[in-house]
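Okay, so here's the structure we're looking at.
The values are calculated or read from the model by the stated rules, or taken from the named source; none is laboratory data. Since we're looking at a predicted model, the values are computed, not measured. Glycine gets a Cβ as well: all are built from the backbone with ideal geometry, and neighbour counts include every protein chain shown. We work out accessible area using only protein heavy atoms, side chains counted, and drop any ligands, DNA or RNA first. Shrake-Rupley method; radii C 1.70, N 1.55, O 1.52, S 1.80 Å.
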Amino acid sequence: MSLSGKTAIITGSNSGIGLGVARALAGAGANVILNSFTDNDEDHALADEIAKAHNVTARYIKADMSKGEECRKLIEEAGACDILVNNAGIQHVAPIDEFPADKWDAIIAINMSSAFHCTAAALPMMRKAGWGRVVNIASAHGLTASPYKSAYVTAKHGVVGMTKTVALETAKEDITVNAICPGYVKTPLVEAQIPDTAKKYDMSEEEVIEKVILERQPSKEFATVEQIGGTAVFLCSAEAAQITGTTISIDGGWTAL
Ligand code: NAD
């Protein structure tokens, strides 16, 4: 399958799942736009490395996904958007009565509202091209909850709702809108939670992975960024053209519980 000639924009893609999805889409022939809120040499070097490895064009565009106008500017600056992967996300864990309001606002903005702004800006480009794919990176927490993650669970449920709504608005066009719902994937976002949790429960980091993090993942294995990337590529394929407005779980059985 070739996505040659298509332009894919992946928000929050200088690390983790976003970077894995960008590599997979480039591997399928798409030109890719990488993004984060930083503007380091390493960010641009990642784009150069992907371009060389896959013989596609790759560009890094700095834009802060916590700000609506920067989300829209990212899409405009890219100049084309056939595939939009709304991936940027952060996490903060605290009981709701202690949850810092600024963290709540940031999680809602980056994990949910950025998908609204980017999708709104990208849809006219997809309509003009007569083809488009929106892939939202939601989470198992878009379908189920865990304590102390109120902002994250709220944002991810919101993304799943937005996925269904936009799929209905585009149902008669060659545009699909779906959400991938990963369980735990070992990325910097998850790795950052391990030392604190180990301290909190007086456990080794290995015990935290097995007994706390993967407690709800029946496979007892992390999902991988390659698996998320491969699923995103499939959702962009002709075979997936009638898959729209739905979620695909990659969670080792978590949401079957
Ligand atoms: P990560 O920390 O490795 O990556 C997050 C990305 O978002 C980074 O590239 C970061 O630079 C970017 N980002 C953060 N704030 C931003 C901002 N203001 N503007 C632009 N970019 C910003 O984490 P990850 O695990 O790869 O997470 C990616 C997505 O996958 C998130 O939406 C996350 O909620 C989701 N997810 C992750 C897991 C997991 O277990 N890792 C599970 C389910 C869903």
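Descriptive notes on the structure:
- Computed over the alpha-carbon atoms, region 145-257 gives an Rg to Rh ratio of 1.04, Rh here being the Kirkwood radius from the mean inverse distance.
- Here region 134-158 and region 177-246 have alpha carbon centers that stand 12 Å from each other.
- Within the chain, longest stretch free of exposed trypsin sites (Lys or Arg not before Pro) [DSSP loop, at most 13 other beta carbons within 10 Å]: 1-171
- In summary, the lysines within cross-link reach of residue 172, defined as a Cα separation below 29 angstrom excluding same-chain residues under 8 places away, comprise 6, 73, 128, 156, 164.
- Pairwise Cα inverse-distance average, inverted: Kirkwood Rh of region 1-143 (Å): 15.3
- Between helix 68-78 and the chain: long-axis angle, C-alpha atoms, 0 to 90°, nearest 10: 40
- Loop-located GluC sites (Glu not before Pro) in region 173-257 whose Cβ has at most 15 other Cβ within 10 Å (DSSP): 173, 221
- Taking every Cα-Cα distance in the chain and sorting them into 5 Å bins starting at zero, the pair-distance distribution P(r) comes out as 1, 7, 13, 18, 20, 17, 12, 7, 3, 1, 0, 0 percent.
- Extension gain, residue 69 back to residue 2 (0.36 nm per residue minus Cα-Cα distance, nm): 20.9 nm
- Per residue of the chain, the DSSP helices (runs of n ≥ 4 H) give a summed -39500 (n - 2.57) that works out to -12500 deg cm²/dmol at 222 nm.
- In whole angstrom, region 91-209 maps to an equivalent ellipsoid with semi-axes of 33, 15, 11, each derived as √(5λ) from the alpha carbon gyration tensor and ordered largest first.
- The angle between the Cα long axis of helix 225-235 and the longest principal axis of the Cα atoms of the chain comes to about 40 degrees, rounded to the nearest 10.
- Seen from residue 107, the other residues with C-beta closer than 12 Å to its C-beta sum to a net charge of +1, counting Lys and Arg as +1 and Asp and Glu as -1.
- Counting only residues at least eight positions apart within a chain, or on another chain, the aspartates and glutamates with an alpha carbon under 20 Å from that of residue 211 are 191, 196, 202, 221, 251.
- Assigned charges on the beta-carbon of Lys, Arg, Asp, Glu; the chain dipole about Cα centre (debye): 800
- Solvent-accessible area assigned to carbon and sulfur over the chain amounts to 53 percent, based on a 1.4 Å probe.
- Which of 254, 131 is most accessible, then next, and so on - probe 1.4 Å: 131, 254
- Just so you know, the Rg over Rh for region 157-204 is 1.30, from Cα atoms, with Rh as the Kirkwood radius.
- Region 45-85 residues near the modelled residue 243 label - backbone nitrogen below 16 Å, point 7 Å along Cα→Cβ: 84-85
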